[in-house]
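Taking it in order: structure first as structure tokens, then the write-up.
The values are calculated or read from the model by the stated rules, or taken from the named source; none is laboratory data. A quick note: this is a predicted structure, and the numbers were derived from the prediction, not measured. Positions of Cβ are generated from backbone atoms using ideal geometry, with glycine treated the same way; all protein chains shown enter the neighbour counts.
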Amino acid sequence: MKVIKIEKDQIDDKLLSEAARLIQEGGLVAFPTETVYGLGANALDRQAAKKIYSAKGRPSDNPLIVHISRPKELEPLVKEISQAGKKLIEAYWPGPLTLIFPKSHLVPDETTGGLDTVAVRMPADPIANRLIELAGVPIAAPSANTSGRPSPTLAEHVMQDMDGRIDMLLDGGPVGIGVESTIVDVSGPTPVLLRPGAVTMEMLKAVAGAVETDQAVAGPVSGDIKPKAPGMKYRHYAPKAQLILVEEDPKAKESAADVINRLTREKLKQGYKVGIICTEETFSAYPEGMVKSLGLRSREETIAHNLFAVLREFDDLQADYIYSECFPQTHLGQAIMNRLSKAAGYHVIHTGKEEE
Ligand code: AMP
Ligand code: MG
């Protein structure tokens, strides 16, 4: 795998052209976006799309997001663009918002996992945007991690997972947002939120009016229900350790920190390695275990930015158990809690009524 360093504020087109050529030739190139690192291939090339699935070890019914560099590149990929779709594009493209449309014949089944809809996003990241423009084709790009691992927010994460499996990595340094794009299905009468992200529910409603939430956003999908975003049925973002979330009930006698400290002590006594995910405000409340702060609780952007990197650090430290504090479910907090809950396999302890 060839690694090329690119400066975001001084993009060298010569370097990017080499990456663009690889894409045109059916190769795989990992590149930074404002959300997480993506693993890109020509979205209109069946064979190239297939290579993405094998490099990631991704189930072939889990469709890919198609990335474009200009709004006008959307039209050939879709059958129609609803009013809500138009409004959301106008308000939030380029940016961390993926929209689902009925697909045109141009988009192969390999890219959409056999669905008759296609997911499209226009990234704001200057490297991603210029790469797509130079390639001259839409780029299918899921997160550049091995399927099931936390999404990569640093070039080093991509190296860990993809070295030897892809042709090139564009190293643009740390990504901005750190959680994957918001996904909204605008192929039906009312927009449906399929995955929360940095374009928050509050922001969607301000522009599109009514927005529904798919039930898979809140919790696990039972076996007999087919989730709208097929990706939601897989255990995502999973660290190697068992992650357990501790939700604080303000009326309970013990605080979240009390419960985490007690459980940590128990596990340490049994000889396990224990990690704790907390915030700057609470860092000093944890005397034992491997304690990592996601940043200031009041700065949701920082929490989102650091989340996946911290989960990977605990993998490197070979933690057996990780206990994490929880966050309010509003604004960016909805995306943070969605990723944490999935990583924990929805294992949550509520202070005051705990049974493990
Ligand atoms: P990733 O790019 O790895 O963050 O994953 C892309 C997500 O988009 C997965 O959860 C997919 O299931 C979802 N997705 C992609 N295309 C579609 C589609 N046509 N309909 C619904 N969900 C989709
Ligand atoms: Mg992913």
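A few remarks follow.
- Of all the numbered requirements in (1) over 22 Å from Ala55 (Cα atoms); (2) crowded, with 18+ Cβ neighbours inside 10 Å; (3) of a type in the set (Val, Ile, Thr), Val207 misses one, and that requirement is (2).
- The selection criterion, being within 19 Å of Tyr237 (Cβ to Cβ) and in contact with a Ser or Thr (Cβ under 6 Å, 6 or more places away or on another chain), does not hold for Ala304.
- Selected residue (criterion: surrounded by the most Cβ atoms within 10 Å (Cβ to Cβ)) from residues of segment 262-302 that are part of a helix (DSSP H, G or I) and touching a residue at least 40 places away in the same chain (Cβ under 8 Å): Thr264
- Hits in segment 133-153 - residues which are within 16 Å of ligand 1 (Cβ to nearest atom) and touching a strand residue (DSSP E or B) at 6+ places or on another chain (Cβ under 7 Å): Pro138, Ile139, Ala140, Ala141, Pro142, Ser143, Ala144, Ser151, Pro152
- Yes/no for Glu156 being away from ligand 1 (no atom under 16 Å from the Cβ) and either touching a residue at least 40 places away in the same chain (Cβ under 8 Å) or surrounded by 22 or more Cβ atoms within 10 Å (Cβ to Cβ) (or both): no
- Ala238 vs. criteria in contact with a helix residue (DSSP H, G or I) (Cβ under 6 Å, 6 or more places away or on another chain) and at pLDDT below 80: yes
- Filter result (of a type in the set (Asp, Glu) and touching a helix residue (DSSP H, G or I) at 6+ places or on another chain (Cβ under 6 Å)) within segment 274-312: Glu288, Glu300
- Residue count, segment 159-202 (criterion: hydroxyl-bearing (Ser, Thr, Tyr) and more than 14 Å from ligand 1 (Cβ to nearest atom)): 2
- Within segment 24-46, none of the residues are within 24 Å of Asp171 (Cβ to Cβ), without any contact (Cβ under 8 Å) to a residue 40 or more places away in the chain and buried (at least 18 other Cβ atoms within 10 Å of the Cβ).
- Ile65 vs. criteria buried (at least 17 other Cβ atoms within 10 Å of the Cβ), under 25 Å from Leu307 (Cα atoms) and away from ligand 1 (no atom under 14 Å from the Cβ): no
Let's see how each residue does on (1) surrounded by fewer than 22 Cβ atoms within 10 Å (Cβ to Cβ); (2) more than 17 Å from Glu34 (Cβ to Cβ); (3) away from ligand 2 (no atom under 14 Å from the Cβ):
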{"residue": "Ala119", "(1), (2), (3)": "no, no, no"}
{"residue": "Ala128", "(1), (2), (3)": "no, no, yes"}
{"residue": "Thr146", "(1), (2), (3)": "yes, yes, no"}
{"residue": "Val186", "(1), (2), (3)": "no, yes, yes"}
{"residue": "Pro191", "(1), (2), (3)": "no, yes, yes"}
{"residue": "Ala198", "(1), (2), (3)": "no, no, yes"}
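- Residue in segment 6-14 that is over 22 Å from the mean Cα position of the chain (by Cα), part of a helix (DSSP H, G or I), closer than 17 Å to Val120 by Cα and away from ligand 2 (no atom under 16 Å from the Cβ) present: no
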